[in-house]
Amino acid sequence: MPSKIAQIRLVSSHPEVYEPCDDSFALVDALLADQTNLLMYNPKLCMEVGCGSGYVITSLALVLGQGACGAYYIATDINPHAVRVTSETLEAHGVHAELITTDIASGLEERLAGLVDVMVVNPPYVPTPEEEVGRDGIASAWAGGENGRCVIDKILPVADKLLSDRGWLYMVTLTANNPSEICLQMRDKGYASRIVVQRSTEEESLHVIKFWRDSDDILQANEVGAVNKTGPARIFESLLSQFPGLLFGRNSNSSST
Ligand SMILES: C[S@@+](CC[C@H](N)C(=O)[O-])C[C@H]1O[C@@H](n2cnc3c(N)ncnc32)[C@H](O)[C@@H]1O
């Protein structure tokens, strides 16, 4: 399957659509690194928020397959040109996803609440002045406001609402986004986390973080390549080792329960 991913072609483009870049590749590499677990998990509904060119959702559909044994795919983007480019990328690779032009998952919350097994997000994460966030065009692909967190902080509660009881979220973050604080915030919502891919480029240091509900830790303990083998306490210890600067949150003691 990795060879198919490597062959993903940029069949369509638009000056206002984000072309696959280091962050897109890191996210797909994380999915490939977790491929064995994903195949065992056998998700039924997968979703990408901010699909851009379609490189990630197409890769995910190729990794997991479609049809009777595979998953159903949904992807959103606020940029209508991105939705069109994604449609052409999917079609050129023989896979299908339902595509919706919307802000994060606006209008889909009721329909998808508690149903999404896998969510993937490469959000606009670059620290910028707040007024650059949500502008039309290509700027919406990267402009993340203060600490690059403006869109990320809107996506997290939506993810929490849409993810199923066994739901997994893979999200790209930048060091400037304070990923350890994001993990603590998600931990308060009941999610464990681990870094699946960490990558430094000349310009940025990226993490692809996987989040899953703590109740799922038995499954996670059996995962291939799992860092955390014995539940939430170890998961949090692992998080501390991954983010040495991590500050303890309000509920940090509950990690040992
Ligand atoms: C960094 S690009 C990632 C594109 C693609 N997923 C990839 O990895 O190559 C971020 C994408 O999120 C989209 N986006 C930004 N704000 C959004 C929002 N509020 N709701 C949905 N999509 C959004 C942008 O239009 C852009 O396509």
- Cα-based Debye curve of region 99-151 sampled at q = 0.21, 0.22, 0.27 Å⁻¹ gives log₁₀ I(q)/I(0) of -0.82, -0.86, -1.01
- Task: Just grab the label-to-label distance for E110 and E131, each label 7 Å out from Cα along the Cβ direction, in nm (one decimal).
- Result: 3.8
- Paramagnetic reach from D103 in region 44-79 [backbone N under 14 Å; point 7 Å along Cα→Cβ]: 77-79
- Query: Can you give the net charge of the other residues whose Cβ lies under 12 Å from the Cβ of D23, counting K and R as +1 and D and E as -1?
  - Reply: -4
- Note on the structure: Subtracting the Cα-Cα distance of Q35 and Q198 from 0.36 nm times their residue separation yields 57.0 nm
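Let a ≥ b ≥ c be the square roots of the eigenvalues of the Cα gyration tensor of region 8-217; is it rounded (a/c under 1.5), or, if not, prolate (a/b larger than b/c) or oblate?
rounded
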- Query: So how far apart, in nm, are the two label points at T175 and D22 if each is 7 Å from Cα heading toward Cβ?
  - Reply: 1.1
- Query: Hey, rough spin-label estimate for E146 and H14, points 7 angstrom out along Cα→Cβ, what's it come to in nanometres?
  - Reply: 3.2
- Query: So what is the relative contact order for region 8-217, in percent, with contacts set as C-alpha pairs under 8 Å and at least six apart?
  - Reply: 20
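Read the figures in this text as sums done on the coordinates, not as results from a lab. Treat the numbers as computed from the prediction; the structure is a model and nothing was measured. Because the Cβ atoms are built from the backbone with ideal geometry, glycine has one as well, and the counts that use them run over all protein chains shown.
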